[in-house]
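The block underneath contains the structure these notes are about, expressed in structure tokens.
The values are calculated or read from the model by the stated rules, or taken from the named source; none is laboratory data. Fair warning: this is a prediction, and the values are worked out from it, not measured in the lab. Cβ coordinates were reconstructed from backbone atoms using ideal geometry, including for glycine residues, and neighbour counts include every protein chain displayed. Only protein heavy atoms, including side chains, enter the accessible area calculation; ligands, DNA and RNA are left aside. Shrake-Rupley method; radii C 1.70, N 1.55, O 1.52, S 1.80 Å.
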Amino acid sequence: MRGEDEKQSAMFSYVTLEQRIPRDHPLRSIRWMTDRALERMSVQFDELYSATGRPSIAPERLIRGQLLQVLYSVRSERQLIEQLDYNLLFRWFVGLEMDDEVWDVTVFTKNRERLIDAR
């Protein structure tokens, strides 16, 4: 029997982003190692950023995004941001929830450049 091509999408999802990523996916161990390394760098990150002003993209998220770009051979930051908009695996790895707004590519680039220049 042929299935129906339903046009209505679900309004709510009861499955978390964490549950959607397979337990044995290789990015899980990479994310764990990355998070441990970034936790050790937290003090240095605090020293780089001002206590006032508009919040930037968290440096941990910038670095995780750049790591995805390298691991998956994403050709540009523009394509990385596009992937973050619809790729649940990428969202999870960077630390975005399903409903979080993805950054503008120019904001991402400027924040990354500022992080690199601050070292």
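A compact table of results
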item: Added length on full extension, which subtracts the Cα-Cα distance from 0.36 nm per residue, residue 78 to residue 99; result: 5.6 nm
item: Residue-averaged [θ]222 nm for the chain, counting only DSSP H segments that reach four residues, each worth -39500 (n - 2.57); result: -17000 deg cm²/dmol
item: Accessible surface of the chain [probe 1.4 Å, protein heavy atoms]: carbon and sulfur percent; result: 52
item: Cα-based Rg / Dmax (Å) for segment 39-96; result: 12.9, 36
item: Two-site label geometry, residue 40 and residue 13: point separation in nm, points 7 Å out along Cα→Cβ; result: 3.4
item: Gain on full stretching of the segment that runs from residue 47 to residue 87 - 0.36 nm per residue minus C-alpha separation; result: 11.2 nm
item: Peptide ranges 18-28, 74-84 listed from the most packed, as the mean C-beta count within 10 angstrom indicates; result: 74-84, 18-28
item: Accessible solvent surface per residue of segment 8-67, calculated while the other protein chains remain in place, 1.4 angstrom probe, Å²; result: 77
item: Relative contact order for segment 57-98, counting Cα pairs under 8 Å that sit 6 or more residues apart, in percent; result: 37
item: Mean Cβ count within 10 Å, highest first, over the residues of peptides 47-58, 106-117, 62-73; result: 62-73, 106-117, 47-58
item: Overall form of segment 15-64 per C-alpha gyration tensor (a/c, 1.5; a/b vs b/c); result: oblate
item: Cα centroid separation, segment 41-91 to segment 7-35 (Å); result: 18
item: Length-normalised contact order for the chain - Cα pairs under 8 Å, 6+ apart - percent; result: 29
item: Calculated SAXS-style log₁₀ I(q)/I(0) at q = 0.11 Å⁻¹ - the chain, Debye, Cα scatterers; result: -0.45
